[in-house]
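K.L.:
Sharing a structure, written as structure tokens. Questions coming.
The values are calculated or read from the model by the stated rules, or taken from the named source; none is laboratory data. All figures in this text were calculated on a predicted structure; none of them were measured in a lab. Counting neighbours? That spans all protein chains shown, and the Cβs are built from the backbone with ideal geometry, glycine included.
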Amino acid sequence: MLACGSKKHNKTVSIKSEKAQVFEPNWESIKKNYKDPEWFNKQKFGIFIHWGAYSVPAFGSEWYPRQMYMDTATFTAQLNFEKIGPNPVYTHHKKTWGDQKTFGYKDFIPMFKGEKFNAAEWIDLFKKAGAKYVIPVADHHDGFAMYKSHTTRWNSVDMGPKRDVLGELFKEGRNQGLIMGASSHYAFNWSFYNKKDHFDTTDPQYADLYSTKGKNLKEPVSKEFKQRWWDRTVDLIDNYQPDILWFDFYLDIPDYADMRPKIAAYFYNKGIEWGKEVVINDKNFDHEAFPEGTVIYDLERGKLPGIRKLPWQTDTSIGKNSWSYVSNWESKTANQLIDDLVDIVSKNGNLLLNVGPKADGTIPEDQKEILLQIGNWLSINGDAIYDTKYWKTFGEGPTEVNKGHHSEGDNKDFTGQDIRFTQKGNKLYAIMMAWPTNNSVHIKSVKSSEDKVSNVKMLGSNANLKWSQDTNGLIVEMPTQKPGDYAFVLELTL
């Protein structure tokens, strides 16, 4: 068990301004001066990383630290009652690790050693996967910082791995030409842990990990905790200069209304000071946290049914059932994820794909293999993805996509009749989600009366394709050999 540390971290980070700031901490100023950076929309594919002390029990999900304290009922992320009775994670923890009063979440931190963590190996894998940017989780709901924090003792340099995980990844990623971001989920730390006297969560010596919130579930976020959130986020910004700052839900609730324009203005002004365009990704759930036109809109495990002219992003995990590594991790297939990438890009979005390393710092082989399969596909078909723009229609075919957070489980698999479009210069890319069953495809959206085609080729194939175009569309006969295993790209010269 961990003893109470010194109070050297309890300092307040303040803004010092010696000259006029472009962005003032109000939405009018931010809307006036902010523009989505073009570089973000061009990248299309990034990697998310959920790795922390919650990887040690490897059970349930990254919400283990919350659910291990839910002994009589489970509550949702929005603090609404979900079901009566002990949560399975609570029961598992008590049976496997002992009573939550004597073995709390804090006691996993010394066990989180990350002894096989190698930033260079991770970044090399992400490069081979075709990713252009990487966003490690810097602060999750649990309150343990994965970097050298100057505002909390609960960080990966002073405890656990005794390494600056974020710093090592930033250094290696930037050395290899990747754009580096950091995610903050810390706003929900206020309400993450269940507070009861028979848990260690009410012990005042651990309040800087479990938050100072009392036992009232609906207690508003305190002024003191909002200052703690501010200090922690500014510390992260100042010391790591992320290109992307990704915010999770709960920052969207009314309690944080005064903090949102303040942090946006601070970060965007810092970008100017650093001489680079920076961007915020935000996941709104129930509230309009950041007004449209001030950040990049992000959807968790969901997509959009059509084109959004402003850039947007889907964040999802390779894992069907968790973001962090768990012993019963279930991976999606490379085929599913490539289809998702194609569908998202055709609608002007980016895909941020999560990996869940083990507690020792290794990325499981099945996740590695999926990333390499995606990378192999992108090495052949990347022209249809990177630096492309949406076309006049995102696609055609029978499969519709549901809209909204956590909607991916409701979507059907794509078929050989489903086609998605992207464009770059005079090239139009028609991406078939599967090989046509009759070895030819009729693309109805590409009509001679509107878009005259002069040449057709399949990326990854040297075959001379037979094709014809009229006012009813474009018909292309497939080559005798497939150039790959997944979505197939026709490059049309207009």
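K.L.:
I'd like to know if region 274-286 contains one or more residues that are modelled with pLDDT under 95 and touching a Ser or Thr at 6+ places or on another chain (Cβ under 8 Å). Walk me through how you get there before you give the answer.
P.N.:
Our first condition is that a residue be modelled with pLDDT under 95; within region 274-286, this holds for 282-286.
With the extra rule that they be touching a Ser or Thr at 6+ places or on another chain (Cβ under 8 Å), the set shrinks to none.
Among the residues of region 274-286, not one is modelled with pLDDT under 95 and touching a Ser or Thr at 6+ places or on another chain (Cβ under 8 Å), which makes the answer no.
Quick grid of which residues meet (1) charged (D, E, K, R); (2) crowded, with 17+ Cβ neighbours inside 10 Å; (3) in contact with a Phe, Trp or Tyr (Cβ under 9 Å, 6 or more places away or on another chain); (4) not assigned by TED's automatic domain parsing to the domain that holds residue 145:
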site	(1), (2), (3), (4)
185	no, yes, yes, no
191	no, yes, yes, no
208	yes, yes, yes, no
218	yes, no, no, no
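K.L.:
Acidic (Asp, Glu), touching a helix residue (DSSP H, G or I) at 6+ places or on another chain (Cβ under 7 Å), touching a residue at least 60 places away in the same chain (Cβ under 8 Å) and in a loop (DSSP other than H, G, I, E, B): which single residue out of 387, 413 fits that description?
P.N.:
Answer to the check: 387.
K.L.:
Could I ask something else about it? So which residues in region 236-254 are surrounded by fewer than 22 Cβ atoms within 10 Å (Cβ to Cβ) and modelled with pLDDT of 95 or more?
P.N.:
237, 238, 239, 240, 241
K.L.:
Taking region 428-455, which residues are assigned to a strand (DSSP E or B) and either crowded, with 20+ Cβ neighbours inside 10 Å or not assigned by TED's automatic domain parsing to the domain that holds residue 416 (or both)?
P.N.:
428, 429, 430, 431, 432, 441, 443
K.L.:
Yes or no: region 170-183 includes at least one residue that is among the aliphatic types (A, V, I, L, M) and part of a helix (DSSP H, G or I).
P.N.:
no
K.L.:
Please give the number of the condition residue 376 fails out of (1) part of a helix (DSSP H, G or I); (2) under 21 Å from residue 136 (Cα atoms).
P.N.:
If we test residue 376 against (1) part of a helix (DSSP H, G or I); (2) under 21 Å from residue 136 (Cα atoms), just (2) comes out false.
K.L.:
Looking at 422, 393, 314, can you tell me which residue is surrounded by fewer than 19 Cβ atoms within 10 Å (Cβ to Cβ) and either of a type in the set (Val, Ile, Thr) or not in a helix (DSSP H, G or I) (or both)?
P.N.:
That would be 393, the only listed residue that is surrounded by fewer than 19 Cβ atoms within 10 Å (Cβ to Cβ) and either of a type in the set (Val, Ile, Thr) or not in a helix (DSSP H, G or I) (or both).
K.L.:
Continuing with this model, one more query. State yes or no: is residue 386 at pLDDT 95 or above, hydroxyl-bearing (Ser, Thr, Tyr) and surrounded by fewer than 18 Cβ atoms within 10 Å (Cβ to Cβ)? Let's see the steps before the verdict.
P.N.:
Numbers: at pLDDT 95 or above: yes; hydroxyl-bearing (Ser, Thr, Tyr): yes; surrounded by fewer than 18 Cβ atoms within 10 Å (Cβ to Cβ): yes.
In short, yes.
K.L.:
Just wondering, is there one or more residues in region 77-84 that are surrounded by 22 or more Cβ atoms within 10 Å (Cβ to Cβ), touching a residue at least 24 places away in the same chain (Cβ under 8 Å) and small (Gly, Ala, Ser)?
P.N.:
As a first pass, look at region 77-84 and keep what is surrounded by 22 or more Cβ atoms within 10 Å (Cβ to Cβ): none.
Scanning region 77-84 turns up no residue that is surrounded by 22 or more Cβ atoms within 10 Å (Cβ to Cβ), touching a residue at least 24 places away in the same chain (Cβ under 8 Å) and small (Gly, Ala, Ser).
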